[in-house]
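To start, the structure itself, in structure tokens.
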Amino acid sequence: MSATSTVASDPAADAPDRRREQPPRRRRRPRLPYALLVPAVAVILVAVGYPVYWQVVTSLQEFGLAQQFGAPPTFVGLDNYARLFMDPSLWAVVVRSLLFCLVNAGLTVGIGVALALLMNAVGRVPRLVLQVALLLAWAMPMVAAVTVFKWLFDWRSGVVNWLLVAIGLDQYQGYSWLAQPMTFFLVASLVVVWMSVPFVALSVFAALTQVSDEVLEAAAIDGAGPWQRFWGIILPMVRPVISIVLLLQIIWDLRVFAQIRILQDAGAPIDQTNLLGNYIYELGLGRQDFAGASAVSIFVLLLTVLLSWPYVRSLLKEDEA
């Protein structure tokens, strides 16, 4: 037998080729992390799943004041949804809520990012003063904060009217800010943004501390100006934090209730200043239409999922990559 045929038939020589042809085996993922998630998932299913289930069932029934006192509910299918979604007042509330939510979320994130950049740029003492001020604003109870703003914009003895009249704007003498829908939402936006900015500012500032100073110095040496460093280096590195705080602000501002309710008690027109949370409250406790309130609650849940979907999709793309 020739040497060539001997080499060709050598099993040791063919072994690397066979190993190369075999598909790589998938690494088995550990099961312990999934087992540790089971208690948390169970608590979420019990704490969140049951109320959602109850609302879905109630929204498909005729459920009013009589059912609260023991009368059996009647299954009506999608009649509650059809009745409410054909009501123009609901869609006015939806549009109003979406505008309020998106405008305030954008303002909150914009101001919060600006304050975070300011804290990152100033010295230690001014930064500490600003952080303490933000923490105090964030720690103030919501009812107390709204009450302070009601006093500031009071039409009889409010500081805002007094200052405007003092600088010569006499038309604001006795002006009722909370009685007009436009100025009502201006005051409501001030309350919501003032209470939400500290969370955004401190979260973004924490992300800014992770930006490498060496990278920024190298970019400055290469001739990049402040705006170029911000848009090309800082913003891409803190974008994940900005995305999550923006998503949280949209969700929170869409479900705002207590601030609007307290301000409405000062004499605001309720039908022109209701947001989705207040509309649900009025349906349930005001009109005793618990089935309608459940239907609108399910709609708000779906709307929240819709607004959150772009962020969730971006997370899924990152996992696939």
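Separation of the range 136-179 and the range 215-274, taken as the distance between their Cα centroids, equals 25 angstrom.
Rounded to the nearest 10 degrees, the angle from helix 290-320 to the longest Cα principal axis of the chain is 30 degrees. Rounded to the nearest 500, what is the chain's calculated 222 nm mean residue ellipticity when only DSSP H runs of at least 4 contribute -39500 (n - 2.57) each, over all residues? For the chain, the value works out to -22500 deg cm²/dmol. For trypsin sites (Lys or Arg not before Pro), the sites in the range 224-321 that DSSP calls loop and that have at most 12 other Cβ atoms within 10 Å are 287. Between residue 206 and residue 74, what FRET efficiency follows from the Cβ-Cβ distance if R0 is 51 Å, with the result rounded to 0.05? Efficiency computed from Cβ-Cβ geometry: 0.45.
Relative to the longest principal axis of the Cα atoms of the chain, helix 11-21 runs at roughly 20 degrees.
Relative contact order (percent) for the chain, with alpha-carbon contacts under 8 angstrom and 6 or more residues of separation? The value is 26 percent.
Compared with the dominant Cα axis of the chain, that is its longest principal axis, helix 142-152 is turned about 50°. The local environment of residue 287, defined by Cβ-Cβ distances under 13 Å, has a net charge of -3 under the rule Lys, Arg +1 and Asp, Glu -1. Amide hydrogen proximity for residue 62: with H placed 1.01 Å from N in the peptide plane, the residues at 5 or more positions away or on another chain lying under 5 Å are 74, 75, 76. Our estimate of slack between residue 82 and residue 170, defined as 0.36 nm per intervening residue step minus the Cα-Cα distance, is 26.7 nm.
Since every read-out is calculated from the coordinates, none of them should be taken as a lab result. Given the structure is predicted, the values throughout are model-derived calculations rather than measurements. Here Cβ is always computed from backbone atoms with ideal geometry, including for glycine, and neighbour counts include all displayed protein chains.
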